[in-house]
Amino acid sequence: MQKEDVLISNNTDSINITIITINYNNNEGLRKTIESVVNQDSQNFEYIVIDGGSTDGSRETIEKFSKKIDYWVSEKDSGIYNAMNKGIKIAKGDFILFLNSGDWLFEESTLSKVNLLINNKSDIFYCNTIFKYDKKDVIVKYDKKISFKFFIEDNFCHQATFIRKKLFYDIFFYNEKLKIASDWEFFIYAICIKNVSHQYLDIVVSNYDLRGISSRPEFRDLSLGERQQVLNTHFPMFISDLEMSPQLKDKRIPQLLHIKKFKLAWKILKGFINFLLFFLPKQGHKKS
């Protein structure tokens, strides 16, 4: 059941940020996440928890903190993105941050700092994350300029990305047919097709629990398969170019570019290539 039929905000101030936590049978991680949110030094945000009908005590943990949670529900859902979409439809904030169970905000002043930086000039604000490995922590930062190539190789961490809620209504909600790559689909489509404004904030927002489904090795093939599906749907004309990317990464490419800097060496290399081509079959071209 949900806490209230009508959402009640923490305060009467305008809400800039809504934090959405989704959870399923991760009571230990959920407790850590909730505590990091409710202990923020600024309470000018909205907090929503969407639980998938957990049976491990998660519901009891939510009830314990219910006075500091604006809206919560514990019921069966069809997966991660179904739960996220539920949260989006409830959210009242201008920007949404998805902080899933097991992930936690970097420090108690995180949200107050972010609130000072977020403005109406951009629709997506992407920030830094700390990846929590077993034996070490790694701070993940991003470039100020994001390209299509970036998304082919990487993605924003939704645990440290503030998304204008209106985008989900203007573009699309998360694709619930995908298990892992729906947030990647949203970002690559929004930025590379819709030219949505985005801005990098050089601030650490969250700690990322690497035990999540999308970071586990056994789900790598599923993730790659879903990404390929997204590319086939939205970027079919780029597929042949992307197939060339492994060749472009070959170490010989930068070696050739280095040789080209030296006029005599480059002339000798071109002569040698022409000599080899003389003995090889002519390179054909497909007829249209």
Any residue at all in segment 208-220 that is assigned to a strand (DSSP E or B) and modelled with pLDDT under 95?
yes
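Would a scan of segment 49-60 turn up a residue that is in the same structural domain as Q159 (by TED's automatic domain parsing), under 19 Å from N16 (Cα atoms) and at pLDDT 95 or above? Working first, answer last.
At the first step, the residues of segment 49-60 found to be in the same structural domain as Q159 (by TED's automatic domain parsing) are 49-60.
From what is left, the residues that are under 19 Å from N16 (Cα atoms) are 49.
Among the residues that remain, those that are also at pLDDT 95 or above are: 49.
Checking segment 49-60: at least one residue is in the same structural domain as Q159 (by TED's automatic domain parsing), under 19 Å from N16 (Cα atoms) and at pLDDT 95 or above.
How many residues are part of a loop (DSSP other than H, G, I, E, B) and over 16 Å from the mean Cα position of the chain (by Cα) when one looks only at segment 146-183? Let's see the steps before the verdict.
Taking segment 146-183 and keeping what is part of a loop (DSSP other than H, G, I, E, B), we get 146-147, 154-157, 165, 171-181.
Next, from what is left, pick out any that are over 16 Å from the mean Cα position of the chain (by Cα): 171, 177.
Of the residues in that region, 2 qualify.
Would you point out the residue of segment 41-80, among those that are assigned to a strand (DSSP E or B) and of a type in the set (S, T, Y), that is farthest from E108 (Cα to Cα)?
Residues of segment 41-80 assigned to a strand (DSSP E or B): 46-51, 71-74.
This time we only want the ones that are of a type in the set (S, T, Y), so: 47, 71, 74.
Working: Y47: 15, Y71: 21, S74: 27 Å.
Checked segment 41-80; the qualifying residue farthest from E108 (Cα to Cα) is S74.
Looking at I62, I48, can you tell me which residue is among the aliphatic types (A, V, I, L, M), at negative phi, buried (at least 22 other Cβ atoms within 10 Å of the Cβ) and without any contact (Cβ under 8 Å) to a residue 40 or more places away in the chain?
Working: I48 fails: without any contact (Cβ under 8 Å) to a residue 40 or more places away in the chain.
From the options I62, I48, the qualifying one is I62.
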Listed by first then second residue, the pairs whose first member lies in segment 78-91 and is modelled with pLDDT of 95 or more, whose partner is polar (S, T, N, Q), with beta carbons under 6 Å and at least 6 positions apart or on separate chains, are Y81/S182; A91/T18
Q. Surrounded by fewer than 18 Cβ atoms within 10 Å (Cβ to Cβ), on the phi > 0 side of the Ramachandran plot, polar (S, T, N, Q) and in the same structural domain as V37 (by TED's automatic domain parsing) - does that describe any residue in segment 197-214?
A. no
Worksheet entry | V38 surrounded by fewer than 19 Cβ atoms within 10 Å (Cβ to Cβ), of a type in the set (A, V, I, L, M) and modelled with pLDDT of 95 or more | yes
Checked segment 91-134 for anything buried (at least 20 other Cβ atoms within 10 Å of the Cβ) and either assigned to a helix (DSSP H, G or I) or of a type in the set (D, E) (or both); matches are D103, T110, L111, V114, D123
Residue under question is I88, and the condition is that it be among the hydrophobic types (A, V, I, L, M, F, W, C) and outside any strand (DSSP E or B); does it hold? yes
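The values are calculated or read from the model by the stated rules, or taken from the named source; none is laboratory data. In this text, all values refer to a predicted model and were calculated from it rather than measured experimentally. A quick note on method: Cβ atoms are made from the backbone with ideal geometry, for glycine too, and the neighbour counts reach across all protein chains shown.
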